[in-house]
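What follows is one structure encoded as structure tokens, with my remarks underneath.
The values are calculated or read from the model by the stated rules, or taken from the named source; none is laboratory data. Bear in mind that the values here come from a model prediction, so they are computed numbers and not experimental data. Cβ placement follows ideal geometry from the backbone for every residue including glycine, while neighbour counts extend to all protein chains displayed. With ligands, DNA and RNA removed, areas are computed over all heavy atoms of the protein, side chains included. Shrake-Rupley method; radii C 1.70, N 1.55, O 1.52, S 1.80 Å.
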Amino acid sequence: MSFIKILDNTLPIEMFNIVHEEFGKGIWGFSNRSQSGDINTSFAADEFCRKVNELISEKRFNESNVVYNLWNLINSKLEIEKNYKNSLHRIWLNGGPPLFDQTIHEDSEDTYSKDLTIIYFLHSKWELLWGGELLIYDVSKTRVTGGTFPLPNRAVVFPSYLPHRGVAVSRISPVMRISIAFQCKYDNTLHV
């Protein structure tokens, strides 16, 4: 198992520009929250994500404007509730400046769960020689089963239990690799 879907040109360009501008603001800081025990320091938007995740858990997600609209547009294309019976559980923003790397991690500890992760790339441009690929591994973490370049306005969907990581961005990249992960939970009660 690897990617379920890769979707390019996910948002209309006008909305992509608004989202890119919003996440280029001063919400970023150093963090090591990619997974428990992660000692790699990278950029993340911890406080921003904490506030949005509180709104999601309190059923007030619509107050999150840009992230709420972004999710609705992505979900309208992928139909996560209808096609996969998943509902949004939390979000996470990752920033990958040159020479920063992620550890291999899972977004769900329940092996073979039906939970999904949707990663959407928010940076405005990307050259393939800049690296930063998203790699998916088998559950034993001994084989790469899928990968994709982090092209702007690309969304990828995969099972949350699969180990994955964002590879280091090349030192020659003039931009930070920015992604938002929408972590979804399987909900058999969804009737859509």
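Per residue, the chain exposes an accessible area of 50 Å² to a 1.4 Å probe, with every protein chain left in place. The slack between Arg171 and Leu129, meaning 0.36 nm per residue of separation minus the straight C-alpha distance, is 14.1 nm.
Among the listed pairs Lys51/Lys85; Lys25/Lys82; Lys59/Lys141; Lys25/Lys85, give every one whose C-alpha distance is greater than 32 Å. Display every interim value, and only then the final one.
On the way: Lys51/Lys85 25 Å; Lys25/Lys82 34 Å; Lys59/Lys141 36 Å; Lys25/Lys85 34 Å.
Flagged as over cut-off: Lys25/Lys82; Lys59/Lys141; Lys25/Lys85.
Site pair Lys5 and Thr103 shows an inter-label distance of 3.2 nm when each label is modelled 7 Å from Cα along Cα→Cβ.
What number comes out for the charge environment of Lys114, summing +1 per Lys or Arg and -1 per Asp or Glu over other residues with Cβ under 12 Å away? Mind showing how you got there, number by number?
On the way: positive: Lys85, Lys185; negative: Asp110, Asp115, Asp187.
Overall, the nearby charge balance is -1.
Pick from Arg60, Arg165, Arg154 the residue whose mean-square fluctuation is largest in a GNM of the chain, springs joining Cα atoms under 10 Å. Its mean-square fluctuation being the largest, the pick is Arg60. Where in the stretch 79-113 is the amide nitrogen less than 14 Å from a point lying 7 Å along the Cα-to-Cβ axis of Met15? Flagged as within label range: 79-80.
Using Cα pairs under 8 angstrom and six or more residues apart, how large is the relative contact order of the stretch 1-144, in percent? Before the final figure, lay out each step's value.
Values: 107 pairs, mean separation 40.6, N = 144.
Relative contact order here is 28 percent.
Going through (1) 0.96; (2) 1.19; (3) 1.08, the figure that equals Cα Rg over 2.2 N^0.38 Å as computed for the structure here is (1).
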